[in-house]
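Chemist: First the structure, then my questions, so here it is.
The values are calculated or read from the model by the stated rules, or taken from the named source; none is laboratory data. Treat the numbers as computed from the prediction; the structure is a model and nothing was measured. Note that we place each Cβ from the backbone using ideal geometry, even for glycine, and neighbour counts take in every protein chain shown.
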Number of protein chains: 2
Amino acid sequence: MQFNKIYESVQQDLFKVEEQFQLLVDSKREVFPELHTMLSQVLVGGKVLRPTLTLLAGKFYEYDLKNLLPMATASELLHIATLVHDDAVDKASIRRGRPTINSIWGLEKAVILGDYLFARAGEFTANTNNLRVVRLFAQTLGTISRAELRQGFSAFKLEQTYEDYIERIAGKTASLFAMATESGAVLSRAPEEAIQGLKEYGYNLGIAFQVVDDILDFVSTEAEMGKPVGSDLIQGTVTLPSLLLLERHPGDNPVKRFFNKEGDKQENITQAIKMICDSGIIEECYQIASNYSNKACDNLSLLPDNPSRQALLTLAEYVVQRRK
Amino acid sequence: MQFNKIYESVQQDLFKVEEQFQLLVDSKREVFPELHTMLSQVLVGGKVLRPTLTLLAGKFYEYDLKNLLPMATASELLHIATLVHDDAVDKASIRRGRPTINSIWGLEKAVILGDYLFARAGEFTANTNNLRVVRLFAQTLGTISRAELRQGFSAFKLEQTYEDYIERIAGKTASLFAMATESGAVLSRAPEEAIQGLKEYGYNLGIAFQVVDDILDFVSTEAEMGKPVGSDLIQGTVTLPSLLLLERHPGDNPVKRFFNKEGDKQENITQAIKMICDSGIIEECYQIASNYSNKACDNLSLLPDNPSRQALLTLAEYVVQRRK
């Protein structure tokens, strides 16, 4: 099973989305060279997973590419804008193996560039001429920011539950996946039941995706991830692997010591990563991700069978098989 | 002439806008106490000038408060969101005489709170059910961010022209004033000519307002402004008064010395403030502001005479008479 196969049925449209990015980048070359450079640094070379979702979800019923393409573009722009702000807030220096905007241009420019990208995303959304997706777009940005704030306030706190974790990643990641699929469905005039199915597919896929991302943060290498191993933990963010570690070792454990500033910081982090990787925690996390992936597939049961449905099913499988 | 008089005809509606803010603040009290506190710190006690503009501009033709009120609310929320990010980017500690969000909660939380407010503003805009104002809203956020980026890139640079300055404040301030009036006009089904008149009124009023703001940054006291005197200059931002100083003293002058890091920083700033206040520069700036205020009044010439028009004319006069 290849990731390329998922893209296949929407590849031509994805090129058009990337063309929109290129147009945006090019439009600033003369009039604002610094903005041009910043845009080219963030808009080129992404995985375009969210536009893929919008396009696939939008191809079950009566769709008009004139409306679907701007929404696919907006899904990715919104995602990139939140990444730019996340990296600024986290003072991250590397993303996708490349230096972040804040590390090159400073935090101040990163904040305003993020705002600029929200605006462009909003404009593309308005270009769908559909008020329901405009509202959904604004609500999603609200949900993401609220979840980011929650994450900020719960950093370095030990008393977090599985439910807190799911709620947080639902807000941070799954809401945008759900927006991507729901908007595609709405724009293709899907029946309400199909819209709900595709929305829930996006939600469950997003949870599965984020759980795997949080696993990879521990088991992958810096070269594969393009950022340091254990970076969530270093930021004080409790994700599923560290949550399970805390549950399995309620007494003394390196995460607790790290959060409580007991002992050597680096030693605690290294030990936590080792304990997580050497235990059954990773498999348990993959199992949880698989459950969400299965739910996502179930959400498609009412939809007509077509290449989009096959691609979405394949995507749900792929997402929980990522090992790097 | 009293500022209260301007508010008079829309006072009841402004209460409803403030009610929306209070509802937003209250809705987080139980579920997210920290967000509740942050919201109450930014949403209570503003001048609500932008909602006033939306409401006044919206009362010339056929309006439905059900659409006008959410837009008035959105105008202020967008303004506040940009202030939260501005203060974070500038590391400002005081705004309106009160500590800023970044000074209380840290820069990271300020960035995400700003995003949250953009989202809420976007939702209120969507509640107008009018795609033209939705598009205008997104474009305005784009214009503001681009101007903020420009300001960042031109900090501590001496080779700036009057046109650069006007372009910058047009983007930073006048675009939001123009959005406030244009959206009100659009939502009240004004004829296109009237929409353009009200939009240009907002633009010219915004320029006049910002020029006076930039004057006050030099001539006011810290107690009156709620922030340090000369704070623009300290940030490296050339505004009209320092621009005129640079023009009048093309050889040696304290702004040049400060930007070039020659001599004592504080002494250069103090001297620059003194030179600006003791010269005819301030009067020249007020004259430029007055010209824009007069243009704003001219922009209303085609509109029917009613209490809104009187209030807008009074507002244009008021804006350039502010001396603190």
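Chemist: Provide a single number: the residues in region B:130-150 that are at the interface with chain A (Cβ under 7 Å from one of its Cβ atoms), touching a residue at least 60 places away in the same chain (Cβ under 8 Å) and either surrounded by fewer than 16 Cβ atoms within 10 Å (Cβ to Cβ) or aliphatic (A, V, I, L, M) (or both).
Modeler: 1
Chemist: Among the residues of region B:29-75, how many are closer than 16 Å to B:Ile6 by Cβ, charged (D, E, K, R) and part of a helix (DSSP H, G or I)?
Modeler: Qualifying residue count, region B:29-75: 1.
Chemist: Taking the criterion of being in a helix (DSSP H, G or I) and more than 28 Å from B:Ala190 (Cβ to Cβ), would at least one residue in region B:4-22 satisfy it?
Modeler: Yes, region B:4-22 contains a residue that is in a helix (DSSP H, G or I) and more than 28 Å from B:Ala190 (Cβ to Cβ).
Chemist: Would you confirm whether or not region B:127-136 contains a residue that is touching a Lys or Arg at 6+ places or on another chain (Cβ under 8 Å) and part of a helix (DSSP H, G or I)?
Modeler: No: zero hits.
Chemist: Take the residues in region A:115-129 that are facing chain B (nearest Cβ under 7 Å) and touching a residue at least 60 places away in the same chain (Cβ under 8 Å); name whichever of them is farthest from B:Leu78 (Cα to Cα).
Modeler: If we take residues in region A:115-129 being facing chain B (nearest Cβ under 7 Å) and touching a residue at least 60 places away in the same chain (Cβ under 8 Å), then A:Asn129 is farthest from B:Leu78 (Cα to Cα).
Chemist: If I ask for residues that are free of Cβ contacts under 8 Å to residues at least 12 places away in the same chain and part of a helix (DSSP H, G or I), which ones from region A:295-309 would you list?
Modeler: Answer for region A:295-309, where residues must be free of Cβ contacts under 8 Å to residues at least 12 places away in the same chain and part of a helix (DSSP H, G or I): just A:Asp298.
Chemist: How many of the residues making up region B:256-290 are surrounded by 15 or more Cβ atoms within 10 Å (Cβ to Cβ) and free of Cβ contacts under 8 Å to residues at least 24 places away in the same chain?
Modeler: The total comes to 3.
Chemist: Also, quick follow-up: Out of curiosity, is B:Arg168 more than 8 Å from chain A (Cβ to nearest Cβ), under 26 Å from A:Leu77 (Cα atoms) and among the basic types (Lys, Arg)?
Modeler: In short, yes.
Chemist: With the structure loaded, tell me whether B:Asn294 is buried (at least 17 other Cβ atoms within 10 Å of the Cβ) and closer than 25 Å to B:Glu167 by Cα or whether it fails that test.
Modeler: So B:Asn294 does not fit the description; no.
Chemist: Checking the conditions here, which among B:Glu163, B:Glu108 is part of a helix (DSSP H, G or I), more than 19 Å from B:Gln235 (Cα to Cα), without any contact (Cβ under 8 Å) to a residue 12 or more places away in the chain and more than 8 Å from chain A (Cβ to nearest Cβ)?
Modeler: B:Glu163
Chemist: Still on this structure: Go over the candidates B:Ala185, B:Ala174, B:Ala194, B:Ala208 one by one and state the one that is over 23 Å from B:Glu284 (Cα atoms), of a type outside the set (Phe, Trp, Tyr) and buried (at least 22 other Cβ atoms within 10 Å of the Cβ).
Modeler: After applying the criteria, what remains is B:Ala185.
Chemist: Go through B:Asn102, B:Asn67 for me and flag whichever is farther than 25 Å from A:Trp105 by Cα and either within 13 Å of chain A (Cβ to nearest Cβ) or in contact with a strand residue (DSSP E or B) (Cβ under 7 Å, 6 or more places away or on another chain) (or both).
Modeler: B:Asn67
Chemist: May I ask you to verify whether A:Leu176 is under 18 Å from A:Gly236 (Cβ atoms), modelled with pLDDT of 95 or more and part of a helix (DSSP H, G or I)?
Modeler: no
Chemist: When you scan region B:243-261, do you find a residue that is in contact with a Cys (Cβ under 8 Å, 6 or more places away or on another chain) and in a helix (DSSP H, G or I), even just one?
Modeler: Yes, because at least one residue in region B:243-261 is in contact with a Cys (Cβ under 8 Å, 6 or more places away or on another chain) and in a helix (DSSP H, G or I).
Chemist: Answer yes if at least one residue in region B:151-160 is at pLDDT below 95, at the interface with another protein chain (Cβ under 7 Å from one of its Cβ atoms) and under 18 Å from the mean Cα position of the chain (by Cα), and no otherwise.
Modeler: Looking through region B:151-160, at least one residue is at pLDDT below 95, at the interface with another protein chain (Cβ under 7 Å from one of its Cβ atoms) and under 18 Å from the mean Cα position of the chain (by Cα).
Chemist: From the set of residues in region B:76-99 that are touching a Lys or Arg at 6+ places or on another chain (Cβ under 7 Å) and assigned to a helix (DSSP H, G or I), which is farthest from the other protein chains (Cβ to nearest Cβ)?
Modeler: Of everything passing the filter in region B:76-99, B:Glu76 is farthest from the other protein chains (Cβ to nearest Cβ).
Chemist: Filtering region B:226-242 down to residues that are among the small types (Gly, Ala, Ser) and not in a loop (DSSP other than H, G, I, E, B), which residue is nearest to B:Ile166 (Cα to Cα)?
Modeler: B:Ser242
Chemist: Here is a list of conditions, (1) within 18 Å of the chain's Cα centre (by Cα); (2) modelled with pLDDT under 95; (3) closer than 18 Å to B:Gly202 by Cβ, and B:Thr52 meets all of them except one; can you say which number that is?
Modeler: Looking at each condition in turn, B:Thr52 falls short on (2).
Chemist: Continuing with the same structure: May I ask you to list pairs of residues, at least six apart or on different chains, whose Cβ atoms are under 8 Å apart, with the first in region B:178-198 being more than 16 Å from B:Ala138 (Cα to Cα) and the second being in a helix (DSSP H, G or I) and acidic (Asp, Glu)?
Modeler: The qualifying pairs are B:Ile195/B:Glu182; B:Leu198/B:Glu182.
Chemist: Let me ask you something else. Just a yes or no: is a residue in region B:67-86 acidic (Asp, Glu), surrounded by fewer than 19 Cβ atoms within 10 Å (Cβ to Cβ) and touching a helix residue (DSSP H, G or I) at 6+ places or on another chain (Cβ under 7 Å)?
Modeler: no
Chemist: Can you find a residue in region A:182-191 that is modelled with pLDDT under 95 and outside any helix (DSSP H, G or I)?
Modeler: No, that holds for no residue.
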